[in-house]
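Working notes for the structure below.
Any read-out appearing in this document is the output of simple, stated calculations on the displayed coordinates, not a laboratory observation. None of the values given here were measured: they were computed from a predicted structure. So basically every Cβ, Gly included, is an ideal-geometry build from the backbone, and we count neighbours across all protein chains shown.
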Amino acid sequence: MVQIHPLAIVEPGAILGQNVCIEPFAVVKGTVSLGDHVIVKSHVYIDGHTTIGEGTVIWPGASIGTKPQDLKYRGEKTYVVIGKRCEIREYVTINSSCQEGSVVKIGDDCLLMAYCHVAHNCELGDGVVMANSAMLAGHVTVGDRVRIGGMTPVHQFSRIGAHAMVGGFSGVLRDIPPFTIGGGFPYRFGGINIVGLKRYQFPLHVRKAIAQAFKLTYRSGLYLEEALAKIEQEIEPLPEIRQWIDFCKTSKRGILGLEGPLKQSDTSEEDPV
């Protein structure tokens with residue numbers, strides 16, 4: 001049974017799944033698709049070619065699927081796809097994408113706290129948490145189960161690897177490798193995200209291998225290419241180690257904290273064990 005309050009506006013053409021609930025003063029445009037059990041709270045505005053997955057809840061004041069804040073946008077047809085069981089909290093803004101056929105994608109089980117912003121051409125994996133007022137510029141990629149602290153901006157085209165934890169009030173100007181923990185401006189790494197890896201049941205031998213890869217990358221004083229070669233030679237080729245190497249090798253903006261040889265201040269930090 002669909003529950004649409006008489007004071008809500010749902011345009012003809014909108015696709016509504018079973019047990020959808022739309023509260024008063026919400027606006028759902030005709031190109032929107034809502035999955036089963038989606039709840040749209042009061043004063044939400046959903047526009048564009050937007051698809052929202054089963055069980056997602058969108059809280060008051062959120063704006064989703066609106067025109068991207070990009071001067072290059074010329075009215076092309078673009079998309080927003082939000083996964084299942086997400087929580088989109090108060091006054092979150094998720095813009096549509098830019099360039100014909102492109103997609104802003106948010107995975108399953110994500111939590112975007114109040115006042116977060118997701119810009120055009122962004123992609124978030126499953127289980128991502130963005131704390132209050134975290135902001136993603138255009139073309140940002142965020143891996144599965146990343147945590148981004150409040151008031152943290154992420155520079156356009158940057159990537160954050162899976163299971164990384166980024167502290168609040170940080171400046172993310174380049175790529176952050178997976179499995180790491182850090183924060184600040186300038187950004188400093190504290191090691192690997194041990195608590196997060198334990199929470200998702202990464203075995204001890206995998207955590208030790210990741211810690212070793214981190215040390216070779218950030219504590220050895222080697223150039224990145226040298227460190228990655230040493231990782232390939234000395235560490236068991238686990239999927240997580242391959243993920244670390246591939247992430248670093250495919251970086252276009254550069255890896256955060258690796259501007260040439262590591263600085264002494266980086267090498268003097270506490271080991272991640």
| request: Go through the range 132-176 and give me each residue that's of a type in the set (A, V, I, L, M, F, W, C) and farther than 22 Å from Thr66 by Cα. | output: Val146, Ile148, Met151, Ile160, Ala162, Ala164, Met165, Val166, Phe169, Val172, Leu173, Ile176
| without any contact (Cβ under 8 Å) to a residue 12 or more places away in the chain, more than 26 Å from Tyr79 (Cα to Cα) and small (Gly, Ala, Ser), is that true of Ala211? | no
